Amino acid sequence: MSNPILQAQNLHKRYEKVHAVQGISFDIQQGEIFSLLGPNGAGKTTTISMLSCLLSATEGDAVIDGHSVRTQADAVKRVIGVVPQEIALYPDLTARENLMFWGKMYSLSGAHLKQRVAETLEIAGLSDRANEKVETYSGGMKRRINIAVGLLHEPKVLFMDEPTVGIDPQSRRRILDTVLELNQRGLTVLYTTHYMEEAAELSRRIGIVDHGKLIALGTQDDLTKLVGESDTVRIGISGVNDTDALLAALTKLSGVDHAALEEDELVLQATNANAHLSQIISAIGAASGQVKSIKVAEPNLEAVFLHLTGRALRD
Amino acid sequence: MKALQIAVKDTLTRFRDWKALAGMFAAPLIISAMIGLAFGDLGGDEAPIENIPVVLVNLDAGELGQAYEDVLTSPDLATLIALETMQDPEAAKARIEAGELRAVIVIPAGFSETVIPDSHGNSGQANVELYTDPTAEISPVIVRSIVERITAAINSTLLAGQVAGQQAAGYAPLLGPAMGQLGAAIGAELQSGNLNLQESLLDLEVVSTGETGESFDPFAFFIPGMAVFFLMFSMFEGSRSILQEERHWTLQRLMSTPTPTWEIILGKMGGTFLTGLLQFTILMLSSTYLFGVSWGTSILGLAILVVLTVFAASGLGAMLTAFSRNENQAGVVGSAVSLVFGALGGSFFPTDGLTGLINIASKLTVNRWAMDGFLALTVNRGGLADIQTPILVLAVVGSVTFVLATLAFQKRFVK
Ligand SMILES: Nc1ncnc2c1ncn2[C@@H]1O[C@H](COP(=O)(O)OP(=O)(O)OP(=O)(O)O)[C@@H](O)[C@H]1O
Ligand SMILES: [Mg+2]
């Protein structure tokens, strides 16, 4: 079982004013999709940058396929593929020209390079539009080429930093399917996201990061157990003047573990929520609020994050 | 190898950018055309050039040497050139060096004998030598054009005589009237003002005895100036692309590939250099084609000068970028330096008149050294030997800035 292809060991990154990553450690097994889930500014990109030898760690090290990122950067770079959070492509060049160029940077050449470009275009589903300039592409298409570049040299491990940010649901679906398919063919993936559904769908094991720290790590079952049996209740409300008083009143109710407000939606953690709904609704009524909608969900990663940090994942 | 691929990628990208192309090619050519036309007009309005100090060293005992002397001393040219005669060519040339003369014309001994066909119609080749003051720009051109007119007239007279089957002795009667008319013709052009002189210069064929040359035109002053000025702009802009790549994360992506950082930096600087080389070459070719500009006679000198000018300009651009806080600052500083360098360095007006501090400031610019080199080649038709100082200075500036930029970029991007 234990066959880690990547071991991050107590990684730190200190900037002048910010301690962006504060001792993150985790292992990734050969052939798994491992997700780092965390809100904006959690330190996901900084962690990936240290793993891809772009940033030197202030402290700690990582070993990837037997090579240290500190001392064997060149060897590490040959086994990893990187898909940055930004669309790191040349907009004036066509998709094919971009892939040809990046392939050369990975020392590919000749017929092999052409073949890899064709294969990755196929994976991106953009073979028929390969000769158009990237600047004319939609956001989703750019994201797909951004991924294709990371696959050119057939890496053992692929780092994907929020690869679905800012695109439509259809393109996102396509990308998630691609990740699953690549994984089925044996690719190990380190995936970062702030969408808990993506982490939940792709990965068995997930690390939750917040403020530069790994605050939880385990399988989804492990993580949801942290919340206990509590359900997540989302209640759309309006008309409440003193929301702080309402949140305080709600947390005092028996069965309610946490209460937070996300825009005009109350997000509650409650054990056996259905049994307590009437009390909750009357508390809202007492604060002269109106209930617009109610959703009750079984424990999920969102709840875990709320449980661990007292904040919603997307604020 | 990867550095070369990065350089080619950058060059390709630049040549696909319409805005960049407009700045690199359209702007300099249009502005040169406008200045070139304005120059023609200005020439008519301003004080005419008078009393150009010229020495004739006539070592020829024959009628051709006499023909040159007759025309040059004709009353029609008296206001334009202040002619003296001397017998020692070396002493005369020394007076150019001393700044006393603008030009020395040497008719070699035995010139007539060599050039005029003998009874069998055979003739040899000999050249009238013209030495001009390399620091002056306009007066040598005028003297040259006069000498060329005389030479052309002699050539056609000789040709006409040959066709008519004349013997050596028979040329004198032909030459006399031809030369008499010539002095009057040049004089008449001067009477109607400098403008006409300039226009006639444009059309003049440069013909020295026995060989044909090229024609001269006033664009030769301005095209190199504009080419260097806009080269600086595009080199600064090209250099900034490394910071743009950092903003777009393509630089980080490059650094996540197994490519050494120094090779990435070299590739980026090489891309700017390659772009500049193409820009300058295309400007030279298109100005030759559009305006008939002559870039001089020394291809080797020109090639070396262009390469080193681009080297120095791109090195300076890289260094400014490397020491700028961000892309924005690099842009502002780059534009300012391009403008100041252009103004001080002779891209807009000749620098021969500069003295004192301004002249020293001018010599601190890349433009000045490049312009000194180009004018030596284009206007004064010099060779490699005449541009040794400019190419040495440009090579040193290029090398120092490249090294400093590389070190600064390395420090900046390896985190
Ligand atoms: N070069 C830098 N200098 C100083 N602080 C930095 C630097 N880069 C990142 N940080 C800080 O480090 C923290 C972590 O940033 P990071 O980009 O790793 O977060 P992230 O999890 O990737 O966020 P996002 O979801 O927005 O991409 C942030 O507080 C950020 O402001
Ligand atoms: Mg990030």
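Every number here is computed from the coordinates shown, using simple stated rules; none is lab data. Please read these numbers as outputs of a predicted model, since none were measured by experiment. Here the Cβ is made from the backbone with ideal geometry for all residues, glycine too, and neighbour counts use every protein chain on show.
Taking the DSSP bridge list for chain A and keeping only pairs wholly inside it, about 70 percent are antiparallel. All distinct Cα pairs of the stretch B:309-415 go into the 1/r average, and the inverse of that average, the Kirkwood radius, is 14.8 Å. What residues of the stretch B:289-322 lie in the reach of a label at residue B:388, counting those whose backbone N is under 20 Å from a point 7 Å from the Cα along Cα→Cβ? So the set is B:297-309. When Rg and the Kirkwood radius Rh are both evaluated on Cα atoms of the protein assembly as shown, their ratio Rg/Rh stands at 1.23.
Near the amide H of residue B:292, within less than 5 Å, lie no amide hydrogens of residues on another chain or at least 5 residues away, with H placed in the peptide plane.
What percentage of all Cα-Cα pairs in chain A are separated by more than 36 Å? Show your work: numbers first, answer last.
Values: 14015 of 49455 pairs.
In whole percent, the share of Cα-Cα pairs in chain A beyond 36 Å is 28.
Counting only aspartates and glutamates at least 8 places from residue A:133 when in the same chain, those with an alpha carbon closer than 13 Å to its own are A:92, A:97, B:17.
Scanning chain A for long hydrophobic helices, with DSSP H runs required to stretch 30 angstrom or more by C-alpha along their axis and to average at least 1.0 on the Kyte-Doolittle scale, returns nothing. When the C-alpha to C-alpha distance is required to be over 19 Å, the pairs from A:156/B:2; B:9/B:415; A:44/B:9; A:77/A:142; A:104/B:9; A:13/A:156 that qualify are A:156/B:2; B:9/B:415; A:44/B:9; A:77/A:142; A:13/A:156. Shown is the FRET efficiency for residue A:222 and residue B:339, computed with R0 = 56 Å from the Cβ-Cβ distance and rounded to the nearest 0.05: 0.30. Residue by residue, the stretch B:268-280 carries 3J(HN,Hα) couplings of 5, 5, x, x, 5, 4, 4, 4, x, 4, 5, 4, 5 Hz when phi is fed to the Karplus relation 6.51 cos²θ - 1.76 cosθ + 1.60 (θ = phi - 60°); x denotes Gly or Pro. Distances between placed amide hydrogens fall under 5 Å for residue A:262 paired with A:267, all partners being 5 or more residues away or on another chain.
The distance linking the stretch B:65-97 with the stretch A:204-249 is 100 Å (Cα centroid to Cα centroid, whole angstrom).
Evaluated at q = 0.20 Å⁻¹, a Debye calculation over the C-alpha positions of the stretch B:366-415 (equal weights, vacuum) places log10 I(q)/I(0) at -0.67. Working note: 222 nm ellipticity from helices only, DSSP H runs with n ≥ 4, each -39,500 (n - 2.57), summed and divided by the residues of the protein assembly as shown, gives -17000 deg cm²/dmol to the nearest 500. Both radii were evaluated on the Cα set of the stretch A:138-258; the Rg over Rh quotient, with Rh as the Kirkwood radius, amounts to 1.09.
When a/c reaches 1.5 or more, the comparison of a/b and b/c decides; with that in mind, is the stretch A:166-227 rounded, prolate or oblate per its Cα gyration tensor?
Working: a/c = 2.00, a/b = 1.53, b/c = 1.30.
Cα axes put the stretch A:166-227 in the prolate bin.
Each of residue A:181 and residue A:286 was given a label point 7 Å from its Cα along the Cα-to-Cβ line. The distance between the two points is 5.6 nm. Taking amide hydrogens as placed 1.01 Å from N in the peptide plane, the amide H of residue B:85 sits under 5 Å from those of B:56, each at least 5 positions away in sequence or on another chain. Computed over the stretch A:216-264, the convex hull of the alpha-carbon atoms projects to a mean area of 4.4 nm². The Rg/Rh ratio for the stretch A:1-88 is 0.95, where Rg is the radius of gyration of the alpha carbons and Rh is the Kirkwood radius. Ordered by the number of other Cβ atoms lying within 10 Å of each residue's own Cβ, fewest first, B:284, B:232, B:226 fall into the sequence B:284, B:226, B:232.
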